[in-house]
């Protein structure tokens, strides 16, 4: 079973503004609201790819109710814990004239130690040796940066696997706990190891340090340049596919969803790369935080080129 954990869900409000100007009155061209939070985005993509997941985390207030209703209506299995504070709303401002994308993200509700104990208990309740847990995204303000590391250790104690997609101290604490797969981007990799990466060789050299903690696979997203996939005996690069970009929000989550399906179904190294990159590319072809369409994903898989390094 694939379990996605979203400790800090959100409603993502995307506003399109031509020639967005700071300090001025701006008029929107279009507005849309999507259910979000990285783990929830992963569950949405898993459903689009015709697989199932269980979404866990925290929800509160009207925003939380709206997210719960969406998940139920979409037949995405979920078991969220209630909190008193309101689930956050994130603002995405897209300016197609200047080709900019501005995020304004709220911190989210404060969680108590009891809340954190309860979510760890719930995750473990669902876990066994066949479980694959996806830990992704930010955590609410005041939450310890060791939370993902603690959950990884708990899941591994039950024989399960973990995919980690985090940043900052949470990423490094998580890596040290030895998840199955880690998916950082260049910026996250630099911050985790305190280095400046200037070349592809330096990307690979730094990423290989993650394997020293017992991690089996590292996937480095390079944005429009593609991705690098690393295991103990293989390093390969998938070049980016040129498509019309409508929104980059959720592209990384789409890749994580595809990787989760690949791990769950024991796909080959190449099959996993093709699905992950095609799914991520299809995502940027949609508005807001909508998932890529499965028909586009199937077409894109045929265009993937892989180079072993």
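The values are calculated or read from the model by the stated rules, or taken from the named source; none is laboratory data. Bear in mind the structure is a predicted one, so any value in this text is a computation, not a measurement. For neighbour counting, all protein chains shown are included, and Cβ atoms are generated from backbone atoms with ideal geometry for every residue, glycine included.
Quick look at the values:
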quantity: Matching strands (runs of 3 or more DSSP E) fully within region 23-137 where at least 1 residues are within 22 Å of residue 263 (Cα to Cα), at pLDDT 95 or above and more than 17 Å from the chain's Cα centre (by Cα); calculated: 77-82
quantity: Residue in region 250-258 that is under 25 Å from residue 101 (Cα atoms), at pLDDT below 95 and not in a helix (DSSP H, G or I) present; calculated: yes
quantity: Which listed residue is within 30 Å of residue 31 (Cα to Cα), free of Cβ contacts under 8 Å to residues at least 40 places away in the same chain and surrounded by 14 or more Cβ atoms within 10 Å (Cβ to Cβ), from 282, 257; calculated: 282
quantity: Qualifying residue in region 150-157 (condition: surrounded by 19 or more Cβ atoms within 10 Å (Cβ to Cβ), under 20 Å from residue 37 (Cα atoms) and free of Cβ contacts under 8 Å to residues at least 60 places away in the same chain); calculated: yes
quantity: In region 105-119, residue nearest to residue 79 (Cα to Cα) [restricted to those that are out of contact with any strand residue (DSSP E or B) (no Cβ under 8 Å at 6 or more places or on another chain) and surrounded by fewer than 17 Cβ atoms within 10 Å (Cβ to Cβ)]; calculated: 117
quantity: Within region 161-223, helices (runs of 4 or more DSSP H) holding 2 or more residues that are surrounded by fewer than 22 Cβ atoms within 10 Å (Cβ to Cβ) and in contact with a strand residue (DSSP E or B) (Cβ under 8 Å, 6 or more places away or on another chain); calculated: 200-211
quantity: Pair list, Cβ under 6 Å, 6 or more apart: region 30-55 residue surrounded by fewer than 24 Cβ atoms within 10 Å (Cβ to Cβ), other residue part of a helix (DSSP H, G or I) and at pLDDT below 95; calculated: 48/294
